[in-house]
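Each remark here refers to the structure printed beneath this line.
The values are calculated or read from the model by the stated rules, or taken from the named source; none is laboratory data. As the structure is a computational prediction, the values presented were derived from the model and not from experiment. A quick note on method: Cβ atoms are made from the backbone with ideal geometry, for glycine too, and the neighbour counts reach across all protein chains shown.
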């Protein structure tokens, strides 16, 4: 490697420190900050974001990127490539467009809170039109700079390397099988005895202790992270300081517990990134799809399995001091509670069987919104029609329809597909892992996550961004991402009700 | 004002945001951060400090400072002056000296932890010599740049505008009266019945609830701040986000309670700074002496008074659910507990009567260390000799002697005098406030801090750095800072045992 390359490494190490600072300040904003500090904190964060942008777009960086020679090492080569991608994204947009876009999304988000509450699409139409118009401009400008179509340019922001041509065939395969599969699953579920609900109350300290116990069981290093409470659960923080949050409901411990297991999946990915490259772009987690694959692999694939439910049941009884033999606290009923399927309007409340339907609708519609094929005014009707086609539900109002998510008002187009790409990736990774290391699920039946975590460290976490998401999936599973592992998993767990699912 | 001045305001507003970010990250480090993140956090903070230094020393700033015309407004004029002072401090030192100094203090601090534990001065002598040598270089270089003597240059870092010539006569006056006064106080105390100790345990949640109640009683705005726990209590955070900490001892609630009242004094200062100037240098609190005066005014002057003890006693009984009439929970005994005097070795445990003795010793010796009049190897003997002269105590080992404080190993020379200057200022401010607004203490007897806070807002907090500390004291009290109000206060409270003390 040459001097220019080394100089870039130092430059990006500073960015990494700035990212850490922003990460902690954002976490603090959601978890700790007193309400009266909100305005000032927003200013502080905008200033730090501005600094990040300045460092990334400094004229010296463009020169160094041209001159840099990374040598033969594949990590350095990938590092330089990722630096170039970040630089291209950052320099693609004129300052006024970034500014206009930030202001428009801030305004729209404000309007959205009321519009969602009132199910009033007309109220948000003007501001959302403006967000969409500016997002299109962003997509076109970024696409020109990176040689991508507008929608691919947006995708690349959240999921480097993923293209519409990767997604379309996979989602087509999924859409073809899903509606019928949902029907079969519900039929099967209705033929079985209903799950026995577990009556609370479940005190917050006990739920929290359970969450901490499970996190550590999965492999979370408590000297390098935390568990706290926030309104919207997330996994954030900084390098060597991975912080996840949940929220507690005293009448039902399952949502918080599964939330913690989900966020722990994210956390384990961050904790498994290679130490050597932590401060460099190549050392970061590989985009939204891989990140979501790690949380869903833990939450959905593994922690809703019969194997885990068997280990979990006595732990739950101990956690909540349930007398031995109390009805409902056996492994079979716990498993039923964890795998209950119920089509509903709200994406974030959906089970793993019906969740993809919500995404297929959003993916199709946001592509059409960005291309201009779907006028924004027609969104509610189109949304409701597709939800009915895939889930058989009549959306009662736009608050429970196309206004339920914050993504579009925030200008986050190209983000939704990653959720389901993550679910499909999780299924395909688990399938491959269990084939390659047969003791993974038997170990989990004993609460031992070491074999699984070892496989993930080697095949996913430890690779960071040294390869693209499609390449990592190909290398780990022997084939491109498709929907077959996911569909097979749903079939085995929800139709066959197989013991190993 | 001209364009250059306005440009500087924008420049320093960015610094203010960076200071806020650093403030929250430092708070997080002490209160929240998992242990494994320590190394990385230190790197992050060093990077942000580096950015702060870069922004402050950018060539453009020097030019703007030369060209800037602030106009007639005294705030703008003071703002520009403070910008120049900050710039002079930042540019006074060559980068290698800053770097060497940072490394030397980091090394010395590490050695200090063990050396203090073992009372082993010889062990720290080499690294502390290096710290002292570099601090002298810093003092000389800064002094040359600012036209100050080396020791004044160090003082100016912590307490802008305070000079050795301000301190010497005041401390001489104090040293002349103190040893005899301590003797008289102890004699008087011994002639009275001993205070009845209050037996615990006092649960942490109850102590915490009490702390929150008292903070708010004093005027702390909980929408713009927090109370948490840390090993070393402090008041930190950011603009509109003032965070104080304490630590709890279940056998005795008084240390945590008085700690909270002390830190609340600091917090009220920060919360009372003028909104218009919050992002500018002139809008910051006026240095260590004024800051300490605000915490000591609350903790020592007001909250250990008979007036406050009378209001406090029933609140304490309620806070800890003490049956009515339990011995020791009456106002008189509470007041005795809060005003117990006991000469001891440890500065941070000292009462308000003996505390200045610890500072007089350190002030005299650190001046001699910086000037070179006192060889570092002779420090322990000199320290012990002075402690004996002022407090009549034989220091048993250096761990309880000259090694007890972290300041010198951290290179903080010129910091110690501010503690006692703060105590003297607190006494002089209270004397003036009560003369000008006679209802202040009667209101406090009813738990009403509004008259006092109003006076402080107008005469201290609201002035920020628009005037120097000596000027603010002069304007608020009608005379220069001296030791008379403090000595009179000690005499009235501890010798006369006056009802209004």
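Within the stretch A:442-459, the residues that satisfy the criterion of being touching a residue at least 40 places away in the same chain (Cβ under 8 Å) and in contact with a helix residue (DSSP H, G or I) (Cβ under 6 Å, 6 or more places away or on another chain) are A:444, A:445, A:447, A:449, A:452.
If you filter the stretch B:66-91 down to residues that are touching a helix residue (DSSP H, G or I) at 6+ places or on another chain (Cβ under 7 Å) and without any contact (Cβ under 8 Å) to a residue 60 or more places away in the chain, you find that the one that is farthest from residue B:135 (Cα to Cα) is B:84. Of the residues making up the stretch B:175-224, those that are more than 14 Å from chain A (Cβ to nearest Cβ), outside any helix (DSSP H, G or I) and buried (at least 18 other Cβ atoms within 10 Å of the Cβ) are B:198, B:202, B:219. One residue alone among A:285, A:256 is assigned to a helix (DSSP H, G or I) and more than 14 Å from chain B (Cβ to nearest Cβ), and that residue is A:256. In the set (1) within 14 Å of chain B (Cβ to nearest Cβ); (2) crowded, with 17+ Cβ neighbours inside 10 Å, residue A:104 fails one condition alone, (1).
Run down A:272, A:219, A:265, A:286 and say which single residue is at pLDDT below 95 and either within 21 Å of residue A:466 (Cβ to Cβ) or under 20 Å from the mean Cα position of the chain (by Cα) (or both).
A:286
Only one of the numbered conditions (1) more than 11 Å from chain A (Cβ to nearest Cβ); (2) more than 23 Å from residue B:282 (Cα to Cα); (3) buried (at least 18 other Cβ atoms within 10 Å of the Cβ) is violated by residue B:95, and that is (3).
Considering only the stretch A:1-14, how many residues are touching a residue at least 12 places away in the same chain (Cβ under 8 Å) and more than 10 Å from every other protein chain (Cβ to nearest Cβ)?
9
When the stretch B:259-270 is examined, which residues are found to be touching a strand residue (DSSP E or B) at 6+ places or on another chain (Cβ under 7 Å) and away from every other protein chain (no Cβ under 14 Å)? Matches in the stretch B:259-270: B:259, B:260, B:263, B:264, B:266. Among all positions in the stretch A:230-238, there is at least one residue which is touching a residue at least 24 places away in the same chain (Cβ under 8 Å), farther than 24 Å from residue A:352 by Cα and within 14 Å of another protein chain (Cβ to nearest Cβ). Residue check: is residue B:411 modelled with pLDDT of 95 or more and in contact with a helix residue (DSSP H, G or I) (Cβ under 8 Å, 6 or more places away or on another chain)? Criteria met by residue B:411. Looking only at residues of the stretch B:15-43 that are more than 9 Å from chain A (Cβ to nearest Cβ) and free of Cβ contacts under 8 Å to residues at least 40 places away in the same chain, we find that the one that is surrounded by the most Cβ atoms within 10 Å (Cβ to Cβ) is B:29.
Restricting A:324, A:350, A:318 to those that are over 21 Å from residue A:128 (Cα atoms), crowded, with 18+ Cβ neighbours inside 10 Å and without any contact (Cβ under 8 Å) to a residue 24 or more places away in the chain reduces the list to A:350. Out of B:244, B:278, B:273, one residue alone is within 14 Å of chain A (Cβ to nearest Cβ) and touching a strand residue (DSSP E or B) at 6+ places or on another chain (Cβ under 6 Å). It is B:244.
Within the stretch A:44-59, the set of residues being surrounded by fewer than 15 Cβ atoms within 10 Å (Cβ to Cβ) and at the interface with another protein chain (Cβ under 9 Å from one of its Cβ atoms) comprises A:46, A:50.
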